[in-house]
Amino acid sequence: MEKSRRSFLKIISNILGGTLAAGILAPIIGLIIHPWLKETVYGTEDFIGIGKLDDFPVGIPKKVTVTSSKMDAWNIFEGLVMGSVWVIRQKDDSLKVFSTNCPHLGCGIDWINDVSRFLCPCHEGVFDVNGKTISGPAPRDMYSYRTKVENNTVFIDYKNIT
Amino acid sequence: MANKIYEWIDNRTGLNKLLKTALDEPVHGGARWTYIFGSGLIFLFMLQAITGIVMASFYSPSSTTAWGSVYYIQEQTSFGWFVRGVHHFGSSAMMILAIVHFFQVFIYGAYKKPRELNWITGVFLLIFLMGFGLTGYLLPWDQKGYWATQVATNIMGTIPVIGEYIKVLHQGGSDYGNFTLTRFFTLHVFILPISLVFFLFVHVALFRKHGVTPHWKISEKLLKERVDPFWPDQVFKDIVFAMILYAILAGWVFWKGGAELQAPADPASNYLARPEWYFLFLFQLLKYCQGNLLIVGTVIIPMIGLIFLFVLPFIDRTPSNSPSKRIPFFATISSGMAGAIALTVLAMHHDAHDIHIIHQREDAEIQAARAVILAKKGIHPEGGMSIFLNDPIYLGEKIFKQNCNGCHKLKGIGGDNAPDFTNFGSREWLFGLLKNPKDKKYFGESGVMSPVKLPEESLRDITEFLLSQSGNLLNTSTDSLERGKELTLKGNCAICHPIGDKNAIKIAPNLTDYLSEEWLKEFIKNPDDKKFYGTKNKMPGYEGKLSANELDALVKYLISLSNDHLLVSECVLHEKRLTVSENSQQTCNKLLNSFDLKMQESVKNVGAVSFLTPSIHFGILTEKYLFASK
């Protein structure tokens with residue numbers, strides 16, 4: 001009798017103890033996995049403004065520094081330099097925006113006005129004004145960004161490079 | 001398979017024997033519900049350890065990041081508020097249970113030879129527990145923790161000769177700063193837990209050695225006859241108690257909505273500090289020990305109490321455990337406890353009736369709520385307080401207190417010469433004004449306007465219409481508004497008050513755009529303008545006395561005094577990350593549309609935020625436009 005009472009108590013104790021542990025651990029685990037549930041570090045803008053349309057000359061690439069703000073958990077960091085881009089305003093006011101990094105090994109690409117060509121100084125990659133590879137080791141054309149213009153301000157989709 | 005692994009491990013570690021020793025301890029006299037308190041404390045300590053460790057993985061101990069990280073745990077994670085709540089209220093639960101355990105041990109006489117060291121290690125554990133409470137209170141770096149802990153460190157400073165050195169050592173410097181937090185954090189998560197675990201180990205080992213101290217009426221015979229194994233007989237009771245404790249604690253956390261987080265610590269504010277409830281008796285004691293006597297309250301009385309506890313097992317040498325044989329000791333402990341309870345009650349009673357404390361608590365709550373709203377936009381690296389630096393309401397409140405509060409009473413504080421601004425601009429406020437402008441709360445005897453003698457329903461309609469003029473009234477009812485419009489324009493109001501033409505002049509203030517930001521600004525600048533009070537004016541004008549920014553901040557603050565209005569600057573924060581309640585969302589959208597044109601003008605003028613998309617620039621704009629372009 002005493003023995004079966006104790007076995008029963010053991011089972012009940014285990015069940016209760018397990019329930020208690022589960023009740024405690026559920027919210028704890030929910031908190032631990034927070035970074036799976038929510039982004040903790042992110043840029044605050046999808047499209048980043050890079051200047052007024054009027055400030056870009058037609059047909060001539062202009063190098064622009066891209067700044068944006070970043071949320072890092074509770075902090076916001078404003079005016080961070082994300083990188084830079086080449087912006088070319090077309091005659092019809094549409095825009096082409098290229099990464100300044102060479103598609104070969106990522107060196108900084110320069111614009112050589114005399115010959116109207118982009119030149120990567122590292123391995124002499126040459127690209128035309130539309131970013132098309134003309135010569136050199138680059139496996140593809142220059143990287144570009146989607147753009148949009150609102151209220152005379154130029155925005156680029158800096159997250160998605162194409 | 002599992003058995004084989006277990007066997008393998010057991011062969012090499014003797015795990016089985018260890019478990020048997022731990023679990024098969026005989027409980028003489030039988031397992032009892034009265035023995036659950038010690039194990040309940042161990043359970044709560046484990047709960048504190050688990051919740052604490054998880055929070056430590058989010059927490060950042062520095063004066064610029066502490067508040068932000070706690071805010072993040074509280075507001076941005078799914079379970080953070082609950083885990084933090086369990087940890088926060090868990091400390092109170094431990095304190096209560098520790099007191100119960102203490103009294104049980106005392107009443108049962110369980111401190112007597114040969115258990116003196118059980119008792120002494122227990123007293124140490126109680127001191128550590130208070131240390132946890134004290135150090136943990138500061139870590140969020142909010143107003144309450146910051147100011148309450150100041151009191152504690154200042155008490156350290158009153159210890160003769162070495163006080164100042166001890167204080168500097170704890171603070172990590174002569175004033176509060178980064179090192180105060182790193183040191184309190186180190187104490188809270190390393191030094192105190194390690195010390196507590198060590199003493200707990202000794203405490204439990206000694207308890208095992210000497211066994212339970214049964215009730216004094218249980219006979220020796222029964223003690224020898226009835227022996228239950230610790231597992232499962234006593235463990236079952238302990239688990240049930242642990243479950244009850246956790247259920248109460250979780251229920252309490254839900255009921256309270258988690259632990260409080262006040263606004264970030266502001267060293268420049270004059271906050272009335274109050275410690276956690278279990279330190280209130282010491283706090284109250286200090287009120288009676290002033291000047292040269294201070295040391296009596298801070299050091300001497302607490303020391304006497306502690307020394308008494310430490311020597312109790314040596315001075316109480318009566319062989320019997322029966323309370324009736326230990327009356328002097330019962331009297332001492334009971335009077336000490338009664339004193340502590342009385343002091344606690346006095347402190348609570350005083351605070352509950354002190355109007356300054358009540359208002360401060362209200363203000364602290366409002367400020368805390370505001371801090372959370374502002375922090376959602378992200379906290380600048382300068383630290384928690386930076387959220388207020390660009391906040392018009394915060395600045396506006398300061399301006400109000402400096403310039404307006406002398407005549408306009410607010411929440412019971414301030415002068416009586418002008419209308420009371422409690423709930424200024426709310427439906428209730430304006431309704432009251434219409435009903436009786438000569439009420440002491442409004443214009444008093446100097447009021448020229450006579451009460452509007454209409455049924456209450458109609459007064460409410462007029463209120464609705466007049467307040468809707470501001471363009472930011474929440475939850476407007478179109479029907480009531482239309483009726484109010486009719487009553488106002490065709491009734492007696494329009495005889496004295498011009499409505500509809502901004503520049504029209506009659507004998508009473510022009511109510512076109514009444515209580516809108518622009519109306520308020522114009523009014524505050526020149527209340528004696530003919531379109532306002534004209535020659536009947538008594539209020540000083542502030543044109544030239546307040547800068548455009550200050551005026552703007554003041555007006556925003558005034559609008560924020562009622563719950564019936566929506567502040568433009570709160571409309572749109574980062575659209576993706578933030579949710580505004582549905583009601584205000586609708587008003588926001590309306591506002592956005594109507595203000596969009598104005599705002600685009602501002603963008604052109606300022607150019608500060610021109611890169612933001614139109615949908616998000618609005619909220620940031622109002623702040624930046626007004627405060628970045630100083």
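For region B:82-128, compute Rh as the Kirkwood radius over C-alpha pairs and then the Stokes-Einstein diffusion coefficient at 4 °C and 1.567 mPa s; write the answer in µm²/s, rounded to an integer.
110
Look at the stretch B:237-246: the mean tally of other chain Cβ atoms within 10 Å of its residues' Cβ atoms is 3.
Using only side-chain charges placed at the Cβ, +1 for Lys and Arg and -1 for Asp and Glu, the dipole size of chain B relative to its Cα centre rounds to 1540 debye.
By accessible area, using a 1.4 Å probe on protein heavy atoms only, the protein assembly as shown has 62% of its surface on carbon and sulfur.
What average number of partner chain Cβ atoms lie no more than 10 Å from the Cβ of the residues making up B:79-86? Let's see the in-between values first.
Values: counts 10, 4, 2, 5, 6, 1, 1, 3.
For peptide B:79-86, the averaged partner shielding equals 4.
Average projected area of the Cα convex hull of the protein assembly as shown, in nm²? Don't skip to the end; give the middle numbers.
Values: hull surface 205.2 nm².
With every direction weighted equally, the projected area is 51.3 nm².
For region B:424-542, a Kirkwood hydrodynamic radius built from all Cα pairs, placed in the Stokes-Einstein relation at 10 °C and 1.306 mPa s, yields a translational diffusion coefficient of 109 µm²/s.
How big is Rg to Rh over region B:329-467, alpha-carbon atoms, Rh as the Kirkwood inverse-mean-distance radius?
On the way: Rg = 22.5 Å, Rh = 19.1 Å.
Ratio value, two decimals: 1.17.
Sparsely packed loop sites in region B:267-345 (the trypsin sites (Lys or Arg not before Pro) outside DSSP H, G, I, E and B with at most 16 other Cβ atoms within 10 Å) comprise B:317. Between the C-alpha center of region B:136-209 and that of region B:53-69 there is a gap of 17 Å.
Over region B:271-323, what portion of Cα pair distances is larger than 19 Å, expressed as a whole percent?
Details: 664 of 1378 pairs.
Tail of P(r) above 19 Å: 48 percent of Cα pairs.
Inter-part distance, region A:1-46 to region B:99-113, computed on C-alpha centroids, equals 34 Å. When the other protein chains are added to the chain by itself, burial of at least 20 square angstrom of heavy-atom accessible area (probe 1.4 Å, ligands and nucleic acids ignored) affects these residues of region A:73-108: A:73, A:74, A:75, A:76, A:77, A:78. Rolled with a 1.4 Å probe across the full set of protein chains, the surface gives residue B:358 an accessible area near 60 Å². Its DSSP H runs of at least 4 residues, each contributing -39,500 (n - 2.57), put the calculated 222 nm mean residue ellipticity of chain A at -7500 deg cm²/dmol, to the nearest 500. Rounded to the nearest 20, the Cβ-based charge dipole of the protein assembly as shown about its Cα centre (Lys and Arg +1, Asp and Glu -1) stands at 2440 debye.
Work out how much length residue B:162 to residue B:46 would gain on full extension: take 0.36 nm times their residue separation and subtract the Cα-Cα distance, in nm to one decimal.
Gain on stretching residue B:162 to residue B:46: 38.2 nm.
Could you tell me which GluC sites (Glu not before Pro) in region A:56-162 are loop residues by DSSP with no more than 14 other beta carbons within 10 angstrom of their beta carbon?
Those that pass, being in a loop and sparsely packed, are A:124.
Solvent exposure of region A:1-113, expressed per residue, is 52 Å² of accessible area, with all protein chains present and a 1.4 angstrom probe. Per residue, the convex hull spanned by the Cα atoms of region B:99-226 amounts to 136 cubic angstrom. Computed over every Cα-Cα pair of region B:43-173 and binned at 5 Å starting from 0, the pair-distance distribution P(r) comes out as 2, 9, 15, 17, 16, 14, 12, 8, 4, 2, 0 percent.
Based on Cα atoms of region B:164-295, Rg over Rh with Rh as the Kirkwood radius reads 1.10.
Translational diffusion coefficient of region B:134-192 at 4 °C, 1.567 mPa s, Stokes-Einstein with Kirkwood Rh over Cα pairs, in µm²/s as a whole number.
On the way: Rh = 11.3 Å.
Answer from the Stokes-Einstein relation: 114 µm²/s.
Taking a straight Cα-Cα cut-off under 17 Å and skipping sequence neighbours fewer than 8 places away in the same chain, the lysines within cross-link reach of residue B:217 are B:112, B:325. May I ask you to list the aspartates and glutamates whose Cα is less than 19 Å away from that of residue B:411, ignoring any residue fewer than eight positions away on the same chain? Within the straight-line cut-off, residue B:411 pairs with B:351, B:354, B:362, B:363, B:365, B:397, B:420, B:428, B:439, B:564. For the cross-link pairs B:376/B:398; A:62/A:148; B:409/B:538, the ones whose C-alpha atoms lie over 20 Å apart are B:376/B:398.
Distant-in-sequence amide contacts of residue B:142, defined by a placed amide H-H separation under 5 Å and a gap of 5 or more residues or a different chain, comprise B:265. Note on region B:361-392 and region B:269-306: Cα centroid distance 31 Å, given to the nearest whole angstrom. Structural size metrics of region A:89-162, computed from C-alpha coordinates, are Rg and Dmax of 13.0, 40 Å. Computed over protein heavy atoms with a 1.4 Å probe, the accessible surface of chain B works out to 50 Å² per residue. Chains B and A together bury some 3900 Å² of accessible area, summed over both sides, with a 1.4 Å probe. With the gyration tensor restricted to C-alpha atoms of region B:440-502, the semi-axes of the equivalent ellipsoid amount to 20, 14, 13 Å, longest first.
Considering only B:424, B:123, B:298, and ranking their Cα positions along the charge dipole of chain B that arises from unit charges at the beta-carbon of Lys, Arg, Asp and Glu, the one farthest toward the positive end is B:123. The largest accessible area among B:439, B:501, B:354, B:142 belongs to the first residue in B:501, B:439, B:354, B:142, and the rest follow in falling order (1.4 Å probe, all chains). Summarising the amide proton neighbourhood of residue A:73: residues at separation of 5 or more, or on other chains, whose placed amide H is nearer than 5 Å comprise A:41, A:42. Can you give me the pair-distance distribution of chain B, C-alpha pairs, 20 Å bins, whole percents? Pairs per bin, as whole percents: 15, 38, 28, 15, 4, 0. With a ≥ b ≥ c the root eigenvalues of the C-alpha gyration tensor of region B:415-464, is it rounded (a/c under 1.5), prolate (a/b larger than b/c) or oblate? In terms of gyration-tensor shape, oblate.
If you keep only loop residues by DSSP, which trypsin sites (Lys or Arg not before Pro) in region A:64-161 have at most 10 other Cβ atoms within 10 Å of their Cβ? Intermediate results must be reported in sequence, preceding the final value.
Numbers: sites: A:70, A:89, A:91, A:96, A:117, A:132, A:140, A:146, A:148, A:159; in loops: A:91, A:132, A:140.
Taking region A:64-161 and a limit of 10 other Cβ atoms within 10 Å, the loop trypsin sites (Lys or Arg not before Pro) found are A:91, A:140.
From the helices alone, meaning DSSP H stretches of at least four residues, give me the mean residue ellipticity at 222 nm for chain B, per-run term -39500 (n - 2.57), in deg cm²/dmol to the nearest 500.
Values: 26 runs with 368 residues, N = 630.
Value at 222 nm, helices only, nearest 500: -19000 deg cm²/dmol.
The values are calculated or read from the model by the stated rules, or taken from the named source; none is laboratory data. Bear in mind that the values here come from a model prediction, so they are computed numbers and not experimental data. Virtual Cβ from ideal backbone geometry, glycine too; neighbours counted across all protein chains shown. Side chains are part of the model used for accessible areas, which takes the heavy atoms of the whole protein and leaves out ligands, DNA and RNA. Shrake-Rupley method; radii C 1.70, N 1.55, O 1.52, S 1.80 Å.
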